Amino acid sequence: MAQNIKKIYLHWTGTSYDWAEPGHYHTVILGNGSVKRLTGYDQPLKAHTAGRNEESVAIAIACMGERGWDDYPPTAIQIENMCKEVALLAFQLGWKPDEINIYRVMTHAEAAANRDFPLEKVKQVSEWSYPTSTPQAERYVAKARALGMPHENYGPDFWFDGWPAGFFERWDLWQLKPSERRGEGGFILRDKIKKYLSQMDVPEISIKSNSPAQPNECKVYLDSQVIATGYILSDNRCYVQLSKLTAAFGIPLSVNSELGYINLLTDKFQPKYLADSPVILGYRVVDIYMNRPQDARGEIISDSTHPARPFMQGIIFNKVTYVLVADFCKELDIPFKFQSSDRSVRLSLSSNKK
Ligand SMILES: [Zn+2]
């Protein structure tokens, strides 16, 4: 990866359930559980976790806006899907379940409280009452830096296990619901992530049909020609090999195997950036971009002020990238319909692209 990911920070956004704007967090999970990968994990972002933004990833759940617990508390599905998304990334990074610890995966509440630093050091930059914006806080930051920490303790003012108090400027995921012990959120999340990571060996949905009497293959047509054979997986959706779809529409495709993404190079289509990333345990997920900057030799050009945004994701089986045919068509404005009589998908060249 272009950035060497050492830590994954978990946030809430302090918004309503449907907030997902790029530039803040790599990924946002909406209240209904939809996963929006806004920036590929190989690119650093500048401002998610103070003093800690490099070589890290930020994943957030959209919630806790207005009156927090009363208006937009975290939903069960968004917590589970955040943990699945972290497990998918950890799997890609080669992390093992027993390596999911506070040094690799922390909530913003825990990061703000420097819970990955030695207690004796953190005590010296805790128990303060001035918020970050006051001149007094400058001295705290200077002291933290002198002690070799990225920042003072600006986390919650109480922890169930006696960790020193901060001035409560950030408390993301300190709790997942108010009935929990105060500060327990990160521990609960890491347990869930470990569980999902240990389930990666057995795919959550299967590719091959379980019964020969019910084949799950699905022919994909462009007008009258068969362009691919897809699979209707056990989630009842049709997955098709991406390169067959792009070939049929004459879209050149470049694979960056080092960073693990695919770049479509065409000006014939404008993606809508509405597709959700699949959260299916057992498969690697690959980001798919349209015209991510790369020079004439194929070298990637990046800038953290203008991170590139994937328009959809695929999953890999047998070393081949598959996408949901419905998402691909919706993103690129390609008319399509399922035909139940012969279980096929019918795509057409829309009139304005002929
Ligand atoms: Zn945060």
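The values are calculated or read from the model by the stated rules, or taken from the named source; none is laboratory data. A quick note: this is a predicted structure, and the numbers were derived from the prediction, not measured. Note that we place each Cβ from the backbone using ideal geometry, even for glycine, and neighbour counts take in every protein chain shown.
A few remarks follow.
- Pairs where the first residue, in region 292-317, is hydroxyl-bearing (Ser, Thr, Tyr) and the second is crowded, with 19+ Cβ neighbours inside 10 Å, C-beta under 7 Å, 6+ apart: SER302/GLN43; SER304/GLN43; SER304/PRO44; SER304/LEU45
- Total residues in region 281-303, condition β-branched (Val, Ile, Thr) and over 23 Å from GLU85 (Cα atoms): 2
Yes or no, residue by residue, for (1) assigned to a helix (DSSP H, G or I); (2) basic (Lys, Arg); (3) outside the structural domain of GLY51 (by TED's automatic domain parsing):
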residue: ARG115; (1), (2), (3): no, yes, no
residue: VAL141; (1), (2), (3): yes, no, no
residue: ARG145; (1), (2), (3): yes, yes, no
residue: ASN153; (1), (2), (3): no, no, no
residue: GLU169; (1), (2), (3): no, no, no
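- Qualifying positions in region 282-307 - buried (at least 19 other Cβ atoms within 10 Å of the Cβ) and either under 24 Å from VAL240 (Cβ atoms) or among the hydroxyl-bearing types (Ser, Thr, Tyr) (or both): TYR283, VAL285, VAL286, ASP287, ILE288, TYR289, MET290, ARG292
- Qualifying residue in region 12-25 (condition: without any contact (Cβ under 8 Å) to a residue 40 or more places away in the chain, part of a helix (DSSP H, G or I) and either closer than 23 Å to LEU197 by Cβ or in contact with a Ser or Thr (Cβ under 7 Å, 6 or more places away or on another chain) (or both)): no
- Contact map, region 98-111: residues that are farther than 15 Å from ASN53 by Cα and in contact (Cβ under 8 Å) with a residue 12 or more places away in the chain paired with residues that are basic (Lys, Arg) and away from the ligand (no atom under 16 Å from the Cβ), Cβ distance under 9 Å, separation 6+ or inter-chain. Pairs shown: ASP98/LYS194; ILE100/ARG190; ILE100/LYS194; ASN101/ARG190; ILE102/ARG190.
- Scanning region 117-139 for residues that are part of a loop (DSSP other than H, G, I, E, B) and surrounded by 14 or more Cβ atoms within 10 Å (Cβ to Cβ) yields PHE117, GLN124, VAL125, SER126, TRP128, TYR130, THR132.
- Among the residues of region 166-188, those that are of a type outside the set (D, E, K, R), within 15 Å of the ligand (Cβ to nearest atom) and modelled with pLDDT of 95 or more comprise TRP171, LEU173, TRP174, GLN175, LEU176, GLY185, GLY186.
- Every pair of residues 6+ apart whose Cβ atoms lie under 6 Å, when the first sits in region 36-53 and is without any contact (Cβ under 8 Å) to a residue 60 or more places away in the chain while the second is in a loop (DSSP other than H, G, I, E, B) and surrounded by fewer than 22 Cβ atoms within 10 Å (Cβ to Cβ): ASN53/LYS46
- Residues within region 41-71 that are surrounded by fewer than 13 Cβ atoms within 10 Å (Cβ to Cβ) and touching an Asp or Glu at 6+ places or on another chain (Cβ under 6 Å), tallied: 0
- Residue check, PHE269 out of contact with any His (no Cβ under 8 Å at 6 or more places or on another chain), more than 29 Å from ILE193 (Cβ to Cβ) and not in a loop (DSSP other than H, G, I, E, B): no
- Residues satisfying the stated conditions in region 303-318, i.e. among the hydrophobic types (A, V, I, L, M, F, W, C), closer than 19 Å to LEU88 by Cβ and not in a strand (DSSP E or B): PHE311
- Selection within region 1-22: residues that are of a type in the set (Ser, Thr, Tyr) and away from the ligand (no atom under 15 Å from the Cβ). The member of this set that is surrounded by the most Cβ atoms within 10 Å (Cβ to Cβ) is TYR17.
- Residues of region 23-39 that turn out to be away from the ligand (no atom under 16 Å from the Cβ) and either over 14 Å from the mean Cα position of the chain (by Cα) or over 25 Å from ASP191 (Cα atoms) (or both), as a count: 2
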